[in-house]
Amino acid sequence: MSSIVLFGPPGAGKGTQAERIMTSTGLPQVSTGDMLRAAVKDQTPTGIEAKEYMEAGKLVPDSIIIELIKQRIKLPDAVNGVMFDGFPRTVPQAEALSEITDVSHVIAIEVPDERIVDRICGRYSCASCGLVFHETFNPVPKSGCSCGNFVEKRRADDNKDTVLSRLSAYHEQTSPLAEWYENLGIFHRINGDREIDLISHDILLALEN
Ligand code: ADP
Ligand code: ADP
């Protein structure tokens, strides 16, 4: 079993790309952000604890995240590996991951900071199917969402104030992981400041190596 990590700042396009390359890789997407939002919605003990960190744009404590991943990886669909989106985000999380599963590729989607605010503040999704869109860069088609039941949903933390905290958490706590994975020879840099389809194409090429 071998997994893939999609790595990059908030708004880099990790979720968008995971959705597009899921069929080609055959691996399920595991997004710690999505898992935490579900826990917050269901008011589970994890959700109750995580909520204040998420609202402040801070990272949720490692112990909570590592436990979530340990449980998720036990599910039958993870038997051949998964595509991690937004995990790991700290060195302790990466250390824990190395004991849980093999990682064959880390795909770093690189987008300059000055693009991130626009990306995050224009993001919305379809509440029915979860597809992610953008007001300007990737709007829902005039014919509607492909699921046929478009309902617009915005994330509570997708605002200008929170995005700056999330970006600094990324630079301080997450970006040091690049060196960790570069030393393992599995780190692939992809220019994420281009059209969505071009990025998907380059990710699939990187995964072939
Ligand atoms: P992440 O999962 O890394 O936080 P998303 O996939 O949710 O990022 O993308 C953030 C926002 O940017 C979404 O509104 C998405 O539609 C948009 N987006 C994704 N990729 C691109 C791209 N290559 N160019 C412009 N906008 C993009
Ligand atoms: P984005 O890609 O836009 O930053 P996510 O959906 O990945 O958003 O994460 C939303 C929030 O959930 C983060 O700001 C953080 O509070 C929390 N979170 C998600 N994944 C992790 C993680 N691996 N470690 C710590 N906190 C996390």
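The values are calculated or read from the model by the stated rules, or taken from the named source; none is laboratory data. The structure presented is a predicted model; accordingly, all values stated were derived computationally and were not measured. When we count neighbours, we look across all protein chains shown, and the Cβ atoms used for this are built from the backbone with ideal geometry, even at glycine. SASA here: full protein model, heavy atoms, side chains in, ligands and nucleic acids out. Shrake-Rupley method; radii C 1.70, N 1.55, O 1.52, S 1.80 Å.
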On a C-alpha basis, how far is the centre of the range 91-107 from the centre of the range 159-189 in Å? Whole number, if you could? 15 Å
Can you send over the solvent-accessible area of residue 2, 1.4 Å probe, protein chains only, in Å² to the nearest 10? 40 Å²
Give a quick list of GluC sites (Glu not before Pro) in the range 63-169 that DSSP marks as loop, anything other than H, G, I, E or B, with at most 14 other Cβ atoms within 10 Å. 135
Which residue, chosen from 32, 106, 47, occupies the Cα position most advanced towards the positive end of the dipole of the chain, where the dipole is computed from +1 (Lys, Arg) and -1 (Asp, Glu) charges on Cβ about the Cα centre? 47
Order by protection proxy (mean Cβ within 10 Å, highest first), peptides 102-109, 157-164: 102-109, 157-164
Hey, if you put +1 on the Cβ of every Lys and Arg and -1 on every Asp and Glu Cβ in the range 133-209, which of 138, 171, 203 ends up farthest toward the positive end of that dipole? 138
Place the peptides 11-18, 190-197 in order of packing, highest mean first, counting for every residue the other Cβ atoms within 10 Å and averaging per peptide. 11-18, 190-197
Where does the chain land at 222 nm, in deg cm²/dmol rounded to the nearest 500, when only DSSP H runs of n ≥ 4 count, each adding -39500 (n - 2.57), divided by all residues? -13000 deg cm²/dmol
Counting all C-alpha pairs of the range 66-167, share separated by more than 21 Å (%): 54 percent
Just how large is the dipole of the range 65-107 about the Cα centre, in debye to the nearest 20, putting +1 at every Lys and Arg Cβ and -1 at every Asp and Glu Cβ? 100 debye
Ignoring solvent entirely, what values of log10 I(q)/I(0) come out of the Debye formula for the range 1-152 at 0.11 Å⁻¹ when each Cα is a single scatterer? -0.46
To the nearest 20 debye, what charge dipole does the chain have about its Cα centre, counting +1 at the Cβ of each Lys and Arg and -1 at the Cβ of each Asp and Glu? 580 debye
Taking the DSSP beta bridges in the chain as the whole, what percent of them are antiparallel, to the nearest 5? 25 percent
In whole percent, the Cα-Cα distances of the range 53-96 spread across 10 Å bins from 0 upward as 24, 53, 20, 3
Let me know the Rg and Dmax you get for the range 138-181 when you use only its Cα atoms, in Å. 16.7, 45
Given the alpha-carbon gyration tensor of the range 145-209, what are the semi-axes of its equivalent ellipsoid in whole angstrom, ordered largest first, with each equal to the square root of 5 times an eigenvalue? 28, 23, 10
